[in-house]
Every structure is written in structure tokens, then in C-alpha cells.
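Down below is the structure, laid out as C-alpha cells.
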Amino acid sequence: MSKKLAVTFKPYERTPYAYDKLRVCRRCGSYTVLSPDVCPSCGRRALSDVPAAARRETRRSMQSELLFAALLTLLAMFFAGSMPWIGISAAAGVLLIALLGFAQYRAFEPQLRIRTDRLFARDRDRIRHGLIQDIRAAEARLDTEPARAYEMLREVNTLLRNDPIRGLQAELLQTFVLRRDMDLLVEPLLMDGFSPHLAGYIGEVARLNRELIKESSIRYCLRYEPQIRSLPRGEEILASVAGAAVRMKRYIELYPEFIRRYAHKLPEDRLERLREALSQHPGSLEPLKLEADEVYRVRFGGRSPRGGNRA
Ligand SMILES: [Zn+2]
């Protein structure tokens, strides 16, 4: 096995909406998630976020409506013929423009939402193309700056989720020395298909920070349990995940059979945690309870794990 790299990467910045990370260039119209200001396509400092772009478009369209109303007023005045009618046309025009302006002011926010949706629909292909360019840029750094390549793919993955991108990230992560203090993500990497890299990564995360193992990760391991078992350290991976699962009563209730299959491989603290959780469950989960007690008996015999004698 090749030596793992010691790397650092920036914490992942979480945003309320996935598209908050998307930037569009005011000059060339390209999309990217990799840069906050400089456009990777044309190199100019002309990126803005999508809400700002939508706001600009909404304002522009409202301005042309006002301009059209002003033009109508001028036309009416031009064809009015006599002085009183010119006055009436002008007054009606001013009133019309004022009403229109007021209506626009009231309708701005809903209009902005419609415009944002339309912008996404209209630019769907361009957004996709931009993200593919971003992936290419990440791939170009795979050998020279793997940590940066991972960061870039992680950003793309916010908007474009598919197995090849997730697989590439899992593969990269398996070449790094992972630490507990790293901002490790699991859920966004869960693939539809089986990946030994992903399985290895989940096992490592389960050991480093079991809080990160949620129901979806446990389900992934269950779905591909035979494949994971056949990996060189597959049983260890599954035991780590089972060990992480016993921290929640809910997971014990949902996956008692899975945990039972790896109870014999659980480290001492996990086994104790499991028995403690089960003791609060009188009458249910009997097979798991029996297994946990049996593993405990075989491992520690008559003595307690902390050295004292158990009655
Ligand atoms: Zn540009």
C-alpha cells in the first residue's frame, strides 16, 4: 500500500442553499463554483452570485417597462393636438408611471423569485458546462495538489452530485492521512454504486469521529455488506460502523442484526455501550442481547473488564 499523504484542507463552508456557491460572470456569462471573484473562463474580476444577477435582470426589465410608459405618454402628448389635451395626456402619463413604479416596488420580491427560477431554467446547460470545466480544473491538479483537487471537487459536488465525482473524492481521501479535526464529510459522498474507496473511507471516519456516521452511511454498508466483507480489512470497516451505530438507541432498534453480526469485533467501550443500551430494553432485541452477553462472557470470563471481580 502506498504511503498516505499528510495534508490539510479548508473546512467546508456550508450555505443555506446549494446554489449560493454558484457564481456567474457578468462579462462572458460562464458559471463556476470555484472562485468568488475571478472568472476562470475569461480571467476578469466580474463574478457575481446568482441572486445578484437575478436582481440586476429584474431591475433592468422594470426599467424598460417604465421607459415604455414614458414613451407612451410622450406619444399621447404628441398626438393630442390642443393644449388642454396635451396637459391631460401629460397628467395621465405621470399618474400611469407613478402607479407602475409603485406596483413594481410592491412586486419586486416575487418578481425576483420568478426571475431567479427562470434564470436557472434558461442557463441550465451553461451551468452544467461551467461545472464540467470546474471538474476538469480539479482533475488537472490531481497529481500536483491533491488536497486542493479534493477541495475543488467538494465544491462542485454541492451542485452536481453523481457517482464519478463522489468516487474521485473518496479515492483522494483514501490517499490522505485523515485526522479527527478535519472537516470530514460523509453523506455527500454516499454513492449509488459500490466503491471500495468509499467503504474504506467510511470505516476510517467511523473510527475517527463516530458522530459523523448517520443512518444513510449505515444503510450504505448494509446494502454492500458482502462486497465490503470481501475487502482486505472489510470486517474491520463493518465493525467500526457497527461500533459507531451503537451510540444511538434508534440505530440499535433499526439495525440489531447488523450490529449482532459484528458484536464479536466491537472494542470494549463499544460493547459496554451496547450492553448498557440493551439493558434499558427489557424483553426486546433478544438475539442481540444474547450475542452481546456471550461476547462479553467469552472475552472477559468471570472478571469485569476493569480488573475487578464480577459476581
Ligand atoms: Zn468571464
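Screening the candidates 103, 98, 54, 90 for the property of being surrounded by 14 or more Cβ atoms within 10 Å (Cβ to Cβ), outside the structural domain of residue 152 (by TED's automatic domain parsing) and more than 16 Å from the ligand (Cβ to nearest atom) yields one hit, 90. Tell me yes or no: at least one residue of segment 9-18 is touching a residue at least 24 places away in the same chain (Cβ under 8 Å), in contact with a helix residue (DSSP H, G or I) (Cβ under 7 Å, 6 or more places away or on another chain), within 16 Å of the ligand (Cβ to nearest atom) and under 30 Å from residue 188 (Cβ atoms). No, the conditions are met nowhere in segment 9-18. Within segment 20-38, the set of residues being surrounded by 17 or more Cβ atoms within 10 Å (Cβ to Cβ) and not aliphatic (A, V, I, L, M) comprises 21, 23, 25, 30, 31, 32. Output yes when any residue across segment 39-49 is loosely packed, with under 15 Cβ neighbours inside 10 Å and either part of a helix (DSSP H, G or I) or touching a helix residue (DSSP H, G or I) at 6+ places or on another chain (Cβ under 9 Å) (or both), and no when none is. No; the residues of segment 39-49 include none that is loosely packed, with under 15 Cβ neighbours inside 10 Å and either part of a helix (DSSP H, G or I) or touching a helix residue (DSSP H, G or I) at 6+ places or on another chain (Cβ under 9 Å) (or both).
Just a yes or no: is a residue in segment 61-76 crowded, with 16+ Cβ neighbours inside 10 Å, more than 11 Å from the ligand (Cβ to nearest atom) and under 24 Å from residue 117 (Cβ atoms)? The answer is yes, given that some residue of segment 61-76 is crowded, with 16+ Cβ neighbours inside 10 Å, more than 11 Å from the ligand (Cβ to nearest atom) and under 24 Å from residue 117 (Cβ atoms).
Only a single item in (1) open to solvent by less than 10 Å² (accessible area, probe 1.4 Å); (2) at pLDDT 95 or above; (3) not β-branched (Val, Ile, Thr) is not met by residue 200, and it is number (1).
Hey, can you tell me all the residues within segment 154-190 that are outside any helix (DSSP H, G or I) and among the basic types (Lys, Arg)? Correct list: 161, 179, 180.
Considering only residues in segment 136-181 that are in contact (Cβ under 8 Å) with a residue 40 or more places away in the chain and of a type in the set (Val, Ile, Thr), the one that is least open to solvent (accessible area, probe 1.4 Å) turns out to be 156.
The values are calculated or read from the model by the stated rules, or taken from the named source; none is laboratory data. The structure presented is a predicted model; accordingly, all values stated were derived computationally and were not measured. Backbone-built Cβ (ideal geometry, glycine too); neighbour counts: all protein chains shown. Ligands, DNA and RNA are excluded from the accessible area calculation, which covers all protein heavy atoms including side chains. Shrake-Rupley method; radii C 1.70, N 1.55, O 1.52, S 1.80 Å.
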